[in-house]
Structures are given as C-alpha cells and as structure tokens.
1. Does any residue of region 19-41 turn out to be at pLDDT below 90, touching a Gly at 6+ places or on another chain (Cβ under 9 Å) and closer than 15 Å to LEU132 by Cβ?
2. Please list, ordered by first then second residue, the pairs with beta carbon atoms under 7 Å, 6 or more apart or interchain, first in region 21-50 and in contact (Cβ under 8 Å) with a residue 24 or more places away in the chain, second aromatic (Phe, Trp, Tyr).
3. Got a number for residues in region 1-17 being surrounded by 14 or more Cβ atoms within 10 Å (Cβ to Cβ), part of a helix (DSSP H, G or I) and not charged (D, E, K, R)?
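The values are calculated or read from the model by the stated rules, or taken from the named source; none is laboratory data. Please read all numbers here as calculations on a predicted model, not as lab measurements. Every residue, glycine as well, gets a Cβ built from its backbone with ideal geometry; the counts of neighbours run over all protein chains shown.
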Amino acid sequence: MGAVAINEKKYARVLARLLPRIITTEEEHERMLSEVEKLMDKGKRRTPEQDAALDLMVRLIQDYDERHYPLPDPSPAEMLIYLLEQRGLKQADLEPVFKSKGYVSDVLNGKRAISKALAKRLAAFFGVPVSLFI
C-alpha cells in the first residue's frame, strides 16, 4: 500500500488543533490518548491528513508508554479481545468478519492464529492498523 498524498495546509491545520509533541507528563499522555480515541472513532471517515496525525500521535504515545509502562506487546488475540471489550461487542459480532463461528472461538481461545487476510478484514472492521493483528 503506497503512501497517500496529503495536503500540507490541511495537515498543518490538523496539527495546529491536535498539538502533538513529545509526551513528558501524565496529563499530556491522557490528552493525547483522548485525541487518538476521537480520531480512531472516525474510522473510514478520517482524512489522509488525520491519518498522518494519528500515526504520529500513536508513535508519541508508544514512546511514552515504553519509557514509563514497559509491558510485553499483547498478542493479536489479546488485542482482539481488548477491542471487543472496548467497543462493547460480542464474539458473535465477529462472525461476518471471520466467516466462521468456530474460527472466532479458536482465535479468541488462542488455538488458531490470525491470518494476514483475516488481519486485514479485522483492521477494516475496527478501523485500526493491520499491525495490531500480526
């Protein structure tokens, strides 16, 4: 997937509103998380400029988290469970994405891995980066 061209003026406006910067305080961390959540909620309605700002802010948050809250990365299945819980969804809500009731259960129980094709469908379903599921 190639890079999408962004309009520099629009991107500057997005950045001016969001004010992303290196996170040094818990308050700034919370503010940045809130802004990321708002952008994530837009899903497919995000502009290329908002996507670029989202990527930047996620990296800034990851940097802060790695320095202040070092944790092992969640497995793709753990991330899937987390997203289900955060969005108030049930296992059955994923059946159209997985195209199989048993496959959903096996992935959530750690019995089967998430394929690249499924990772792409899950990313589209949740409006998140594919990398969360790989």
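1. Step one: of region 19-41, the residues at pLDDT below 90 are none.
Among the residues of region 19-41, not one is at pLDDT below 90, touching a Gly at 6+ places or on another chain (Cβ under 9 Å) and closer than 15 Å to LEU132 by Cβ, which makes the answer no.
2. Close Cβ pairs satisfying both conditions: ILE23/TYR64; HIS29/TYR64; GLU49/TYR11.
3. Total satisfying the criteria: 3.
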